[in-house]
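In what follows, a single structure is set out as structure tokens and then discussed.
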Amino acid sequence: MRRKRSFDSPKEEYAIGISGTPDTDASRFSPLGQIKRAKKPHSFCGQSLSRGAMQAISKRKGNQMLLRLQDVTKTYPKAETAVLRGVSFDMAAGEMLALTGESGSGKSTLLHLAGGLDSADGGVVAINGTDLTGLDDAGRAGLRRGTVGVIFQQFNLIPSLTVAANIAFQARLSGCFDADLAQALAARLGLQDHLHKYPEQLSGGQQQRVAIARTLAPKPALVLADEPTGNLDEATADTVFDVLCELVAETGAGLVLVTHSQRLAARLDRRLHLRAGLIS
């Protein structure tokens, strides 16, 4: 019998990419270690990448404007002031952007709006020309399955699934699972020896690597990372950050990284600073 579960927050729901309750029967997911490589693999971080993935990446690179926010506002019930008060910026395809600001400045809220985890009160939030403010819950859930990938500080892995199944889950739901890409991601992230383990058997750094692989497996156009190294020690954080940036660059996706670290922010293409709900 398939096991069902409910979710306590949009972040937990996002971990499986759908609205509602997922099928978490691990037996339905093939271990990545048993997947055969393509006969003529393409290069991806020293591992194989399928022709379909390469074509998707090439097509994406021709798309100039990836993310656009225009006069975006957001206020939560019982809040004395608006969290976002008219935020506007554009982001090109393939660009890596750091979003900094003090706690409570609206960074995570902005990320949630861009990822379809919440809806704006006003303004435009558009990805590849599609305005998210016009989408219903089902439309935003569909967006989260493939177009947008989100990496959370808390990892949000599915505890009942193995590492291999966690990596494959989001891509399978989106209908674009690429076995070669999944295997390449696992190898590049140093997870090949852990594919049959469960999240509770991994260190924090290893869990975050699984979360990164899961996010990149559906080949999203936009990756949103909310303090992805915040729960890691400095040495592990630097390693995870380096691999994340390398993989995002090689897949041609855009990256918005929320961080408190000025050091990490300085390594990306551009930095935006939020102060009291406004870009400063």
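Taken together, the values in this text are just the output of simple stated rules run on the coordinates, not laboratory data. Only a predicted model underlies this, so the values are computations on that prediction, with no experimental measurement involved. So basically every Cβ, Gly included, is an ideal-geometry build from the backbone, and we count neighbours across all protein chains shown.
Okay, here's what the table says:
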{"read-out": "Shape of segment 42-279, Cα gyration tensor, a/c cut at 1.5", "value": "prolate"}
{"read-out": "Residue order, fewest to most surrounding Cβ atoms within 10 angstrom, among R270, R144, R68, R263", "value": "R263, R270, R68, R144"}
{"read-out": "Fully extended contour minus Cα-Cα distance, from Q201 to Y76, at 0.36 nm per residue", "value": "41.2 nm"}
{"read-out": "Label point 7 Å beyond Cα of R267 along Cβ direction - residues of segment 184-204 with amide nitrogen under 16 Å", "value": "189"}
